[in-house]
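This report refers to the structure that appears directly beneath it.
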Amino acid sequence: MNFPKELKYTKDHEWVRIEGDTATIGVTEFAQRELGDIVYVEVETVGETIETGEVFGTVEAVKTVSDLFMPLEGEIIEFNEELEGSPELVNESPYEEGWMIKVKFENELPSDLLSAEEYAELVGE
């Protein structure tokens with residue numbers, strides 16, 4: 001499985017790409033494989049400030065619906081609108097075209113974010 005080294009990861013299987021004071025967030029390759037074919041991504045929290053650990057949206061797959069948990073506190077400034085018509089991008093390109101939200105954050109990053117190596121160990125890779 002692919003876990004890009006420049007990203008940070010959560011125990012809830014989200015990834016975080018930091019660029020200045022903006023974080024791009026999506027679900028990992030492991031998560032999308034576990035979920036199966038993704039048919040819908042719902043994020044109705046754009047413009048809201050969400051605390052670390054709170055739910056910011058949901059992912060619906062053929063077999064299940066799963067909550068998406070905020071890996072860091074911040075204001076959701078953008079939703080990947082490509083996912084509205086093409087939710088399968090999460091399966092096809094979880095780290096690039098399948099990103100879910102962009103968040104503006106001010107506080108330090110949570111200390112429980114994992115490196116690629118730590119995340120691979122968590123999921124048994």
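The values are calculated or read from the model by the stated rules, or taken from the named source; none is laboratory data. Bear in mind that the values here come from a model prediction, so they are computed numbers and not experimental data. Virtual Cβ from ideal backbone geometry, glycine too; neighbours counted across all protein chains shown. Heavy atoms of the whole protein, side chains included, go into the accessibility calculation; ligands, DNA and RNA do not. Shrake-Rupley method; radii C 1.70, N 1.55, O 1.52, S 1.80 Å.
Can you name every residue in region 54-78 that is aliphatic (A, V, I, L, M) and either at pLDDT 95 or above or within 12 Å of the chain's Cα centre (by Cα) (or both)?
Passing the criteria: 55, 59, 61, 65, 68, 70, 72, 76, 77.
Kindly list, by first and then second residue, each pair from a residue in region 53-74 that is closer than 21 Å to residue 20 by Cα to a residue that is open to solvent by 60 Å² or more (accessible area, probe 1.4 Å) and in a strand (DSSP E or B), limited to pairs with Cβ atoms under 8 Å and residues at least 6 apart or on different chains.
70/55; 71/8; 73/49; 74/49; 74/104
Filter region 50-103 down to the residues that are under 25 Å from residue 6 (Cβ atoms), open to solvent by 60 Å² or more (accessible area, probe 1.4 Å) and not in a loop (DSSP other than H, G, I, E, B) and list them by number.
Correct list: 69, 75, 77, 78, 82, 92.
State whether the residues of region 27-38 include one that is closer than 18 Å to residue 110 by Cβ and under 12 Å from the mean Cα position of the chain (by Cα).
Yes, region 27-38 contains at least one residue that is closer than 18 Å to residue 110 by Cβ and under 12 Å from the mean Cα position of the chain (by Cα).
Within region 39-49, work out how many residues are surrounded by 16 or more Cβ atoms within 10 Å (Cβ to Cβ) and part of a loop (DSSP other than H, G, I, E, B).
Within region 39-49, residues that are surrounded by 16 or more Cβ atoms within 10 Å (Cβ to Cβ) and part of a loop (DSSP other than H, G, I, E, B) number 2.
Only one of these is touching a His at 6+ places or on another chain (Cβ under 7 Å) and either farther than 19 Å from residue 8 by Cβ or of a type in the set (A, V, I, L, M, F, W, C) (or both): 62, 46, 27. Name it.
27
Kindly evaluate residue 108 against the criterion of being at pLDDT below 95, under 18 Å from residue 2 (Cα atoms) and surrounded by fewer than 15 Cβ atoms within 10 Å (Cβ to Cβ).
Spelling it out, it is not the case that residue 108 is at pLDDT below 95, under 18 Å from residue 2 (Cα atoms) and surrounded by fewer than 15 Cβ atoms within 10 Å (Cβ to Cβ).
Tell me, yes or no, whether region 17-38 has at least one residue that is free of Cβ contacts under 8 Å to residues at least 60 places away in the same chain, hydroxyl-bearing (Ser, Thr, Tyr) and outside any loop (DSSP other than H, G, I, E, B).
Looking through region 17-38, none of the residues is free of Cβ contacts under 8 Å to residues at least 60 places away in the same chain, hydroxyl-bearing (Ser, Thr, Tyr) and outside any loop (DSSP other than H, G, I, E, B).
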